[in-house]
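None of the figures in this text is laboratory data; all of them are computed from the coordinates on show. Since this is a predicted model, take the numbers as computed values, not measurements. Methodologically, a virtual Cβ is constructed for each residue, glycine included, from the backbone with ideal geometry; neighbour enumeration extends over all protein chains shown.
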Amino acid sequence: MKTASNDRWVAYLVAFTAAALVLLFGLQRFGIWQPSEIRVADMAREVMAGTPVALDRPPAQLRAVAVGFGLGNASEMWGRLPGAVLAFLAALSLVGAARAAGDRRLAVYAGIAYATLPLVFFNARTMHGGGVAQSAATLALSGLVMALWGRDNRARVAGVAIGGAGLALSVPAAGAFVGLVPVLGGVGLAAMLR
């Protein structure tokens, strides 16, 4: 029997499935093709070995690759997996934030649109770049939107937790100024305008 509740879950399932297919499927299907990705993989191996590394970027992306290597082996798939999982979680948090601020249709479209953005797609599926910073900012923004405009207390509490985790990850991913100010400023401006 078809009900509004079934339609809701089917819509969310479509968004979650689309995000998982785009961001998580086939991480091992292509090799390392860019020199900076090789450099990040080598630095992550050195971090795992306990060798001091001179960092030229915020450490979160490098640590994510090292965590992936530690979970599996030093391969393309395991190095890319933590960034892809973070991007997937960011897409899910955006679905929750859009649902808190809008409606079900907006939430589904927001999740699919975010996961299929070329910048999100490429950052999530490579070991270099700003994938962790991008996901952290999305988690922080989504969580703060849920905390401010959530429909019930459960959504607001989840928003505080997601937003806090995103802000905490933003500092080692992009630095205190770049990681915090745009997100907090954007949410503050939206709150004032609303």
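With contacts taken as Cα pairs under 8 Å at a separation of at least 6 residues, the chain carries a relative contact order of 21 percent.
What is the dipole size for the range 65-153, taken about its Cα centre, with +1 at each Lys and Arg Cβ and -1 at each Asp and Glu Cβ, in debye to the nearest 20?
Its charge dipole is roughly 160 debye.
The stretch between Arg154 and Met48 holds 34.3 nm of extra length on full extension. This uses 0.36 nm per residue minus the Cα-Cα distance.
Computed from the alpha carbon atoms alone, the convex hull of the range 31-91 holds 87 Å³ per residue. Restricting the calculation to alpha carbons of the range 32-170 gives Rg and Dmax of 16.2, 50 angstrom.
Over the range 134-194, consider all pairs of different Cα atoms and compute the Kirkwood hydrodynamic radius from their mean reciprocal separation; express it in Å, one decimal.
Working: mean 1/r = 0.0893 Å⁻¹.
The answer is 11.2 Å.
Principal-axis analysis of the Cα atoms of the chain puts helix 60-71 at an angle of about 80° to the longest axis. Which residues in the range 39-72 have a backbone N closer than 18 Å to a point placed 7 Å from the Cα of Leu180 along the Cα-to-Cβ line? What the label zone holds, given the 18 Å backbone N cut-off, is 58-60.
Computed about its Cα centre, the charge dipole of the range 35-194 is approximately 520 debye, with only Lys, Arg, Asp and Glu carrying charge at their Cβ. Extension gain for the segment Leu21 to Asp103, taken as residue separation times 0.36 nm less the Cα-Cα distance, is 27.2 nm to one decimal.
Here the contact order of the range 23-118, divided by its residue count and restricted to Cα pairs under 8 Å and six or more residues apart, works out to 25 percent.
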